[in-house]
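What follows is calculated from the coordinates using simple rules that are stated; it is not laboratory data. A quick note: this is a predicted structure, and the numbers were derived from the prediction, not measured. Cβ sites come from the backbone with ideal geometry, for glycine too, and all protein chains shown count toward neighbours.
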Amino acid sequence: MPVEIDITQRLAAIADATLEIVATEGIDGVTIRAVARRMGGSTTLVTNYLPTREALLRNAIEHALASWDAEVGQVAGEATAGERLSDVVRWACSTEGNDQVLRRLFMEVLGRVGPESEASQVLREDSRQNRDLLADAARDAGAADAAFVADVLHLMLRGFYLSSLEDPERWTSERVAPLIERLVRLLTASS
C-alpha cells in the first residue's frame, strides 16, 4: 500500500530546501537534483510535485510570500485604522530571518527570467497586492490622495529592498524605519 503524502507539507519542504540552496549557492545552485539531494531523496521526490526548475522557483516564492502575507496581515489587523499605514511600512522595511535571501532571490528572478515566467507573474501579483494594501492603509490614515501615498511608499520600499542588498551595513532596518515613518508623516500631514 502506498504511503500517503501530505502535498502541502511536501511543497513546503521543497520550498525550504530551495531557499536553503539560494542562501548558500545563489539562484544558479537551484536544480531539481540539488533540491532532492538537500531533502535526502531522489529527483522523483521533487519532480512528482514540481517538474521543472521554474516550478521550483515559483513554489519557493509562493511559500515565502504566503508567510509574509500572514505576517503583514497580522500587523495590519492589530493596528488601528490611523496607525495601520505606519505599522505596515515599518514591518515592510524590517529585515529578519531569511528576508535578505528572499530579496536576493526576487531580484535575481526578475533580472533573469522574462516577464511572462511563472515566478515573475507571482512577484508582479504580490507587488500589486502590496501596493493596494498601502493604498487602503493610506485611505484609513486619512491621506488626501491615498493612491499617490501608496505609489510613493511602494517605490520607496522597493528601493530599500535593492539598497539593503547593495549595502546591507548602511541600509539597515534600524536606519530606514525612522526615515519611512517620517515620510509617512509628511505624506499624510496635509490630510
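Here are the numbers for the structure shown:
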{"quantity": "Pair list, Cβ < 6 Å and 6+ apart or interchain, from the stretch 167-185 residues that are surrounded by 12 or more Cβ atoms within 10 Å (Cβ to Cβ) to residues that are aromatic (Phe, Trp, Tyr)", "calculated": "Val176/Phe160"}
{"quantity": "Identity of the residue in the stretch 140-166, touching a Ser or Thr at 6+ places or on another chain (Cβ under 7 Å) and under 15 Å from Glu181 (Cα atoms), that ends up surrounded by the most Cβ atoms within 10 Å (Cβ to Cβ)", "calculated": "Val149"}
{"quantity": "Of residues in the stretch 81-120 being within 18 Å of Asp132 (Cα to Cα) and not hydrophobic (A, V, I, L, M, F, W, C), the one surrounded by the most Cβ atoms within 10 Å (Cβ to Cβ)", "calculated": "Arg84"}
{"quantity": "Filter pass, Glu62 being closer than 18 Å to Ser120 by Cβ, acidic (Asp, Glu) and surrounded by 12 or more Cβ atoms within 10 Å (Cβ to Cβ)", "calculated": "yes"}
{"quantity": "Check on Leu45, crowded, with 17+ Cβ neighbours inside 10 Å, out of contact with any Leu (no Cβ under 6 Å at 6 or more places or on another chain) and within 24 Å of Gly97 (Cα to Cα)", "calculated": "no"}
{"quantity": "Single residue of Arg37, Arg84, Arg53 found to be within 21 Å of Arg104 (Cα to Cα) and out of contact with any Cys (no Cβ under 8 Å at 6 or more places or on another chain)", "calculated": "Arg53"}
{"quantity": "Residues (free of Cβ contacts under 8 Å to residues at least 24 places away in the same chain and either in contact with a strand residue (DSSP E or B) (Cβ under 6 Å, 6 or more places away or on another chain) or in a helix (DSSP H, G or I) (or both)) located in the stretch 104-128", "calculated": "Leu110, Gly111, Ser120, Gln121, Arg124, Glu125, Arg128"}
{"quantity": "Residue selected from the stretch 121-139 under the condition within 17 Å of Arg53 (Cα to Cα) and not β-branched (Val, Ile, Thr), by the criterion surrounded by the most Cβ atoms within 10 Å (Cβ to Cβ)", "calculated": "Leu123"}
